[in-house]
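The values are calculated or read from the model by the stated rules, or taken from the named source; none is laboratory data. Worth saying up front: this structure is predicted, and the values here are computed from it rather than measured. Areas reflect the complete protein model, heavy atoms only, side chains present, ligands, DNA and RNA absent. Shrake-Rupley method; radii C 1.70, N 1.55, O 1.52, S 1.80 Å.
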Amino acid sequence: MTEDAVEQDAVDRIVAQWHRELPDLELESMALYGRIHRISQKLGSRLHELRSRQGLGRNEFDVLASIRRSGEPFTLSPKEIGATLMLSSGGLTGRLDKLEAAGFIERLPDPADRRGLKVRMTERGGEVIEEAVRTGVDLQLETLAVLTDEERTQLGALLRKLHLGFEDQPFGD
């Protein structure tokens, strides 16, 4: 391959087919979003595999990560967790049930509100989420190793700019 030649990926082949079929269509956006989507899917799949080995699904990871990020004493109300994850109380209950059954959290009465609850991460939950975060970051670093430090900084700035353009729009899974 010459210095000027660029290695083709699956997205290039898809875009070439669309260009052949619809030559008047601007396809750079399709290529950019296609790559973002494929990278996200592949990394997400590998992260899911790692977390499954740690006894966590994506939903359980998100709850534990919210509690861990909150700092000592690693205790939040269900309302605080729901707000962080944009979940209804009904959507959160099942996640808390799974985490409690696994011994990762415990539900305690809220000393400031007789009707309220607090969710506290157990020592075991703290160990599991710390391992999950560390192995996830290692995988992300491994994935980004094909880029130089300068390229990662540039990519981060561009993705931040793109993300800020969407920040006020609703997010649906």
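Observations
- One entry in [x] 9.6; [y] 13.4; [z] 14.2 is mean projected area of the Cα convex hull in nm² calculated from the shown coordinates; its label is [z].
- Axial C-alpha extent at least 20 Å, average Kyte-Doolittle at least -0.5 - helices from the chain (DSSP): 123-144
- Qualifying lysines (Cα of each under 21 Å from Cα of K118; at least 8 residues distant if same chain): K79, K98
- Relative contact order of the chain, defined on C-alpha pairs under 8 angstrom at six or more residues apart (%): 17 percent
- Surface composition of segment 23-112: carbon and sulfur atoms hold 56% of the protein heavy-atom accessible area at a 1.4 Å probe.
- Segment 1-97, accessible area per residue, ligands and nucleic acids excluded (1.4 Å, Å²): 70 Å²
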